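Report on the structure given below.
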């Protein structure tokens, strides 16, 4: 599974407008939930916040991968963004976060959900990739960085 199969330019925001953890979760869910009704958005947001209560998805290195599962979606949905000013996200390393990838999927797609999370975290371990994503001036450039990285 390639991230570029899930992530489209309209689901990437550079820069994110949010300044708090709560606001960035809502902004990313709304980005992922393009053309969905308000009930779907709220269900997705509740699922992501519920997962976040268990353990922060701020994985360290300035990266967070908030995620959740809800019956309101039929397939995996991915959104991403860059916060120009780092956001306190209760990350595991105690550092603020600049790069966000939000994944929401149906409860019935656990295997695909885990594979996508693994793919995201594996790619984001690369220092150069994180640096290039942070430097991307537009959503298109951000997506191009991912596309090139997946092709390598």
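When DSSP assigns beta bridges and you keep just the ones with both residues in the chain, what percent turn out antiparallel, to the nearest 5? Of the beta bridges lying entirely in the chain, close to 55 percent run antiparallel.
Per residue, what volume in Å³ does the convex hull of the Cα atoms of the chain enclose? Write down the numbers at each step before the final one.
Details: hull volume 14.8 nm³, N = 152.
Dividing the Cα hull volume of the chain by its residue count gives 97 Å³.
For the chain, averaging the sequence separation of C-alpha pairs within contact (under 8 Å, six or more residues apart) and dividing by the residue count gives a relative contact order of 28 percent. Here the contact order of the range 23-87, divided by its residue count and restricted to Cα pairs under 8 Å and six or more residues apart, works out to 36 percent.
At what distance in angstrom do the alpha carbon centres of the range 57-78 and the range 32-50 lie from each other? After rounding, the separation between the Cα centres reads 12 Å.
Taking only DSSP H segments of four or more residues, each worth -39500 (n - 2.57), what value at 222 nm results for the chain once the sum is divided by all its residues, to the nearest 500 deg cm²/dmol? Please list the in-between numbers first.
Values: 5 runs with 66 residues, N = 152.
Value at 222 nm, helices only, nearest 500: -14000 deg cm²/dmol.
For the range 37-115, the average shadow cast by the Cα convex hull is 5.4 nm², which is a quarter of the hull's surface.
Here residue 35 and residue 125 are evaluated by their C-beta separation; at R0 = 41 Å the FRET efficiency comes out at 0.80.
Laboratory data are not the source of any read-out in this text; all were calculated from the coordinates shown. Given the structure is predicted, the values throughout are model-derived calculations rather than measurements. With ideal geometry, Cβ positions are generated from the backbone for all residues, glycine too; neighbour counts draw on all protein chains shown.
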